[in-house]
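Report on the following structure.
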Amino acid sequence: MPTPFPVCDTMEISPRFRKTVEERIARLERDAATDELNLVHLHHPDHLRRHRKLIAMQRAEALRMRLFLDRAHTRLPRPLVEL
């Protein structure tokens with residue numbers, strides 16, 4: 001469904017928000033790597049399937065967030081002294 005408003009290709013985000021998203025990406029990738037190592041301990045085929053799906057979703061979410069950050073511009077911090 002088309003939106004009545006033009007869609008911007010870029011977005012401006014705060015440095016704090018960028019840092020939070022970068023930390024979330026790192027956590028998702030770290031968790032996916034840990035979950036991959038734990039696959040050897042699983043034996044039930046359905047449990048293996050669900051665990052692989054979890055890993056794929058973690059990696060997909062990290063990629064989606066990386067693409068968002070690639071399109072976003074970080075706003076400059078406010079000056080400490082008013083000009």
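The values are calculated or read from the model by the stated rules, or taken from the named source; none is laboratory data. Model, not experiment: these values are computed from the prediction. Every residue, glycine as well, gets a Cβ built from its backbone with ideal geometry; the counts of neighbours run over all protein chains shown. These area figures cover heavy atoms from the full protein model, side chains too; ligands, DNA and RNA do not enter into them. Shrake-Rupley method; radii C 1.70, N 1.55, O 1.52, S 1.80 Å.
Among the residues that make up region 23-43, is at least one of them surrounded by 14 or more Cβ atoms within 10 Å (Cβ to Cβ), out of contact with any helix residue (DSSP H, G or I) (no Cβ under 7 Å at 6 or more places or on another chain) and not polar (S, T, N, Q)?
No, there is no match, as no residue in region 23-43 is surrounded by 14 or more Cβ atoms within 10 Å (Cβ to Cβ), out of contact with any helix residue (DSSP H, G or I) (no Cβ under 7 Å at 6 or more places or on another chain) and not polar (S, T, N, Q).
Sort out which residues of region 40-83 are outside any loop (DSSP other than H, G, I, E, B) and either touching a Leu at 6+ places or on another chain (Cβ under 7 Å) or at positive phi (or both), and write them in order of number.
Leu48, His51, Gln58, Glu61, Ala62
How about region 64-83: which of its residues are aliphatic (A, V, I, L, M) and open to solvent by less than 100 Å² (accessible area, probe 1.4 Å)?
Answer for region 64-83, where residues must be aliphatic (A, V, I, L, M) and open to solvent by less than 100 Å² (accessible area, probe 1.4 Å): Met65, Leu67, Leu69, Ala72.
Between residues in region 51-79 that are in contact (Cβ under 8 Å) with a residue 24 or more places away in the chain and residues that are open to solvent by 100 Å² or more (accessible area, probe 1.4 Å) and of a type outside the set (A, V, I, L, M), which pairs lie under 6 Å by C-beta distance while being six or more apart or on different chains?
Pairs found: His73/Glu12; Arg75/Glu12.
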